[in-house]
Amino acid sequence: QLQLAESGGGLVQPGGSLRLSCTFPGWTGDAIGWFRQAPGKEREVISCRSRGGRTHYADSVKGRFTISRDDARNTVTLQMNSLKPEDTAIYYCGASSSGTFVLDRCPVRRVSSWGQGAQVTVSS
């Protein structure tokens, strides 16, 4: 059973930055990414990255967030800049074995393993 573990959430002012990390020890699948869920809303994709380097970003975070992946260290990170109050949510790391996961824009229903989530709050 894959164990994903997020770290790095917290409280930040609008315009600030945060960095989230997720470890995926022993994961040999293709795609891993970041998702978020705000109160009263469905879980949505933020960004994901395949082992081969293909990436996808939600329109709402393009130009502000950057995903990176280090398979040697079993780590995926999400650098979040220019944060807005609407970025407030619980952020989850998710992994998928689907070979077309990133090509198909990282559908939530095809995530097979989830982390426990990390709270990100953007507020003044």
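The values are calculated or read from the model by the stated rules, or taken from the named source; none is laboratory data. From a predicted model like this one, the values you see are computed outputs, not experimental measurements. Neighbour counts are summed over all protein chains in view; Cβ atoms, including those assigned to glycine, are modelled from backbone coordinates with ideal geometry. SASA here: full protein model, heavy atoms, side chains in, ligands and nucleic acids out. Shrake-Rupley method; radii C 1.70, N 1.55, O 1.52, S 1.80 Å.
What is the spin-label model distance, in nm, from GLU44 to THR100 if the labels are put 7 Å beyond Cα along the C-beta direction?
Placing both labels 7 Å beyond Cα along the Cβ direction yields 2.5 nm.
Under 10 Å, Cα contacts only: if you run a Gaussian network model on the chain, which one of SER113, SER21, SER50 comes out with the highest mean-square fluctuation?
SER113
Can you find, among LEU11, LEU103, THR121, the residue sitting farthest towards the positive end of the charge dipole of the chain, where Lys and Arg contribute +1 and Asp and Glu -1 at Cβ?
LEU103
Between TRP114 and ASN81, how many nm apart are label points set 7 Å from Cα along the C-beta direction?
Placing both labels 7 Å along Cα→Cβ, they lie 3.1 nm apart.
For the range 55-96, evaluate the Debye formula with one uniform point scatterer on each Cα (no solvent term) and list log10 I(q)/I(0) at q = 0.15, 0.26, 0.34 Å⁻¹, rounded to two decimals.
Relative scattering, expressed as log10 I(q)/I(0), comes to -0.42, -1.11, -1.37.
Residues of the chain: accessible area per residue at 1.4 Å, in Å²? Walk me through the numbers on the way to the answer.
Working: 6270 Å² over 124 residues.
Here the per-residue accessible area is 51 Å².
With charges only on Cβ, +1 for K and R and -1 for D and E, what is the dipole size of the chain about its Cα centre, in debye, rounded to 20? Numbers along the way, then the final one.
Working: 15 positive and 10 negative charges, 30 e Å.
The dipole magnitude comes to about 140 debye.
Which percent of the accessible heavy-atom area of the range 11-94 goes to carbon and sulfur, probe 1.4 angstrom?
Its accessible area is 46 percent carbon and sulfur atoms.
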